[in-house]
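The values are calculated or read from the model by the stated rules, or taken from the named source; none is laboratory data. Please read these numbers as outputs of a predicted model, since none were measured by experiment. Using ideal geometry, Cβ is built from the backbone for each residue, glycine included, and neighbour counts are taken over all protein chains shown. Ligands, DNA and RNA are excluded from the accessible area calculation, which covers all protein heavy atoms including side chains. Shrake-Rupley method; radii C 1.70, N 1.55, O 1.52, S 1.80 Å.
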Amino acid sequence: MDAELLVAHALGLDRLQLYLQFDRPLGEAELSTIRELVRRRGAHVPVAYLVGEREFFSLAFRVDERVLVPRPETEHLVETARVHLLGVRGAGGASPVFADVGTGSGCIAVALLHEVPAARGHAIDIEAGALEVARANAERHGVQDRLTFHEGDLLAPLRDQPDWGRLDAVLSNPPYVLEDDESVERGVRDHEPHGALFVEGSDPLVVAARLAEEALDALAPGGLLAFEVGLGGAGAARRRLADLGYAQVAVVPDLAGIDRVVCGQRPG
Ligand SMILES: C[S@@+](CC[C@H](N)C(=O)[O-])C[C@H]1O[C@@H](n2cnc3c(N)ncnc32)[C@H](O)[C@@H]1O
């Protein structure tokens with residue numbers, strides 16, 4: 001699969017065309033482009049960075065080393081939010097509004113706006129470079145007029161905004177990997193942005209827990225907090241949301257059966 005993606009990319013073809021042009025001879029320039037891609041893949045550079053994009057929720061997202069490569073398990077977060085926001089619209093008739101905290105490539109916010117045409121969103125990231133990629137992806141998919149970009153820590157950039165206290169959803173795929181986690185693949189550790197993945201200390205939920213506290217003030221009553229957790233993290237996350245007073249605390253498994261999304265609603 002990697003080989004097909006790289007060769008197709010080098011030749012400016014899609015994978016199907018590769019099979020349709022199976023016996024096409026390659027010129028020296030094409031071969032040298034392919035060799036360079038193979039060399040970089042051999043150095044564990046993720047394929048998504050080599051070809052410059054990755055599909056997420058059936059949309060193509062531009063990616064480079066400033067942003068995490070979108071993962072399929074994160075689609076469950078989008079689906080959970082989609083169902084909630086469509087429900088908000090049905091009940092109130094107003095435009096639902098959400099915040100995507102740690103937007104990275106913008107995959108969560110852009111996919112959601114694509115799915116819920118009435119919604120508006122705020123995309124926040126602590127890295128200016130990530131926000132540039134997110135903005136390009138919003139433009140690519142024609143949702144830039146409904147998405148506002150903010151640089152800063154968690155929900156802080158929204159504190160003085162009119163939507164503070166009125167958000168229908170706060171969504172996040174926050175960093176949750178511990179530095180000493182040896183299961184992290186070399187390509188991920190060496191090439192994906194460190195601050196997107198790793199947390200300091202020994203608590204994988206340190207960022208998510210801080211977000212859960214802030215979100216209690218940012219959400220409207222009944223508003224949804226939903227965030228992704230790593231393997232084995234859901235139980236502790238549920239307890240923290242319950243301790244903070246969230247209602248309807250629940251967990252959504254991914255396709256591998258791993259509890260992946262933890263959510264709760266601001267009471268009231
Ligand atoms: C795991 S990545 C998620 C990216 C994207 N939402 C996705 O699901 O593919 C986490 C993102 O959160 C950002 N981030 C980390 N700490 C943050 C903080 N304290 N406030 C805002 N963003 C933060 C990182 O820069 C990174 O883009």
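Annotations for the structure displayed:
- Counted as qualifying within region 214-268 are the strands (runs of 3 or more DSSP E) with 2 or more residues that are farther than 18 Å from residue 172 by Cβ and assigned by TED's automatic domain parsing to the domain that holds residue 98, namely 219-228, 247-253.
- Filter result for residue 223 (away from the ligand (no atom under 13 Å from the Cβ), surrounded by fewer than 16 Cβ atoms within 10 Å (Cβ to Cβ), modelled with pLDDT of 95 or more and of a type outside the set (D, E, K, R)): no
- Being assigned to a helix (DSSP H, G or I), open to solvent by 60 Å² or more (accessible area, probe 1.4 Å) and in the same structural domain as residue 224 (by TED's automatic domain parsing) holds for only one residue in 110, 83, 78, 38, and it is 83.
- Pairs, first of a type in the set (Ser, Thr, Tyr) in region 179-204, second surrounded by 14 or more Cβ atoms within 10 Å (Cβ to Cβ), C-beta under 8 Å, six or more apart: 202/178
- Output for region 157-178, where each listed residue is under 30 Å from residue 202 (Cβ atoms) and surrounded by 15 or more Cβ atoms within 10 Å (Cβ to Cβ): 157, 158, 169, 170, 171, 172, 173, 174, 175, 176, 177, 178
- Scope region 86-107; condition among the hydrophobic types (A, V, I, L, M, F, W, C), over 30 Å from residue 45 (Cα atoms) and in a helix (DSSP H, G or I); matching residues: 86, 88, 91
- A single member of 96, 117 is surrounded by 24 or more Cβ atoms within 10 Å (Cβ to Cβ) and either out of contact with any Phe, Trp or Tyr (no Cβ under 9 Å at 6 or more places or on another chain) or outside the structural domain of residue 231 (by TED's automatic domain parsing) (or both), and it is 96.
- Candidates 206, 252, 184 - the one that is closer than 30 Å to residue 39 by Cβ and open to solvent by 20 Å² or more (accessible area, probe 1.4 Å): 184
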